[in-house]
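The values are calculated or read from the model by the stated rules, or taken from the named source; none is laboratory data. Predicted, not measured: the structure shown is a model, and the values here were computed from it. Glycine gets a Cβ as well: all are built from the backbone with ideal geometry, and neighbour counts include every protein chain shown.
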Amino acid sequence: MSTFLAPAGRYAPSPSGDLHFGNLRTAVLAWLFARQTGRHFYLRVEDIDSERSSAESAQRQIADLEALGLDFDPPVLYQHERGTAYAQALDQLDTYECYCTRRDIREAASAPHAQPGMYPGTCRDLTEKQRALRRSELAAQGRLPAIRLRAHATEWTVQDYYRGEFTGPVDDVILKRGGRTDQAQAGDWAYNLAVVVDDGYQGVDQVVRGDDLLASAPAQAYLADQLGLVQPIYIHVPLVVGPEGRRLAKRDGAVTLRELLAEQTAGEVVADIAGSLGYAGVSSVAELLERFDPSLLSHDPWMWTHH
Ligand code: GLU
């Protein structure tokens, strides 16, 4: 039984570094949307990538979100503890083993008629005999096959609060990475599977996140459908960009909350986030919650300028 209560929204950062102004703005928006619509609000630590994630980073991110005044309903969900649930979901899906290296995919994808960014289908229709051969070739290199979804749709339509109906391609996405036989654990679970399984488990029917993830929504909603989970409403929000127009990042200077707090109070950072959302003179997230009107949010990226 899930301890999570629907309907819910969530914020789901990857703990691979401190949250910056852009992450915080998205977190505030996710909180505003959930709380304004009477939803539960959960924090999920997306730490399936064991090499890039750390428990320390997760703790710092949680402390930063709390410093801004955001509150989450307990408990915090950690993806590194969810392997059994991902394995069960994998069993319910139509899947196949994929033996391709990145290079194989790059080469096949550059062939004429290949669809850019899509898996070219190299391993989809292999015979059992071909699979046995490819598997033993991989094993000789100390590698394990990846697991892909065998998609039975080529596109899927999602509902996005700002975009309306959004239709995009559904690919044979990776569900589990290959990994190496010499590692204690087989490959990591893939983001697309984990996000869908956990949104379902946590009763999340409202997904607020940066609009760089819009393109992945159709494949995720298709996966949810295949697992018998609800189709969430998506709310993809504009990103904060640095001076060069690219997604805000460390190279853009002192952008993390920890850095900002060297010169500002948490209330001033909240005021700046509110300002970026079009609200002047706001000093707490509670006040912003009262004033926020989602229909007025600008659809343009917010340009970060250091002050
Ligand atoms: N963990 C992802 C990230 O930090 C977000 C996933 C999502 O919101 O669906 O970019």
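Just to be sure, is Asp211 in contact with a Gly (Cβ under 7 Å, 6 or more places away or on another chain) and of a type in the set (Asp, Glu)?
Criteria not met by Asp211.
Would you tally the residues in region 204-235 being in contact with a strand residue (DSSP E or B) (Cβ under 6 Å, 6 or more places away or on another chain) and either surrounded by 20 or more Cβ atoms within 10 Å (Cβ to Cβ) or acidic (Asp, Glu) (or both)?
Going through region 204-235 one residue at a time, the tally reaches 12.
Among (1) touching a residue at least 24 places away in the same chain (Cβ under 8 Å); (2) buried (at least 21 other Cβ atoms within 10 Å of the Cβ); (3) farther than 30 Å from Gln88 by Cα, which single condition is Pro243 missing?
All conditions are met except number (2).
Search region 35-53 for residues being more than 13 Å from the ligand (Cβ to nearest atom) and at pLDDT 95 or above, and hand back the single one that is surrounded by the fewest Cβ atoms within 10 Å (Cβ to Cβ).
Here the answer is Gly38.
Let's see how each residue does on (1) modelled with pLDDT of 95 or more; (2) within 12 Å of the ligand (Cβ to nearest atom):
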site: Val170; (1), (2): yes, no
site: Arg177; (1), (2): no, no
site: Gln185; (1), (2): no, no
site: Val196; (1), (2): yes, yes
site: Asp205; (1), (2): yes, no
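Looking at (1) more than 22 Å from Thr256 (Cα to Cα); (2) within 13 Å of the ligand (Cβ to nearest atom); (3) among the aliphatic types (A, V, I, L, M), find the lone condition where Val230 falls short.
(2)
Restricting attention to region 1-20, which residues are closer than 18 Å to Asp71 by Cα, more than 14 Å from the ligand (Cβ to nearest atom) and touching a helix residue (DSSP H, G or I) at 6+ places or on another chain (Cβ under 8 Å)?
Phe4
Hey, among the residues in region 106-163 that are acidic (Asp, Glu) and free of Cβ contacts under 8 Å to residues at least 40 places away in the same chain, which one's surrounded by the fewest Cβ atoms within 10 Å (Cβ to Cβ)?
Per the stated criteria, the residue is Glu128.
Of all residues in region 116-136, which are over 13 Å from Gly178 (Cβ atoms) and in a helix (DSSP H, G or I)?
Glu128, Lys129, Gln130, Arg131, Ala132, Leu133, Ser136
Going through region 20-49 one residue at a time, which ones are more than 14 Å from the chain's Cα centre (by Cα) and under 21 Å from Asp300 (Cα atoms)?
His20, Phe21, Gly22, Leu24, Arg25, Val28, Leu29, Trp31, Leu32, Phe33
Which one of the conditions (1) more than 18 Å from the chain's Cα centre (by Cα); (2) within 13 Å of the ligand (Cβ to nearest atom) does Ser57 fail to meet, given that it meets all the rest?
(1)
May I ask you to list pairs of residues, at least six apart or on different chains, whose Cβ atoms are under 9 Å apart, with the first in region 187-211 being in contact (Cβ under 8 Å) with a residue 60 or more places away in the chain and basic (Lys, Arg) and the second being in a strand (DSSP E or B) and more than 9 Å from the ligand (Cβ to nearest atom)?
Pairs that qualify, where the first residue is in contact (Cβ under 8 Å) with a residue 60 or more places away in the chain and basic (Lys, Arg) and the partner is in a strand (DSSP E or B) and more than 9 Å from the ligand (Cβ to nearest atom), are Arg209/Tyr234; Arg209/Ile235; Arg209/His236; Arg209/Val237.
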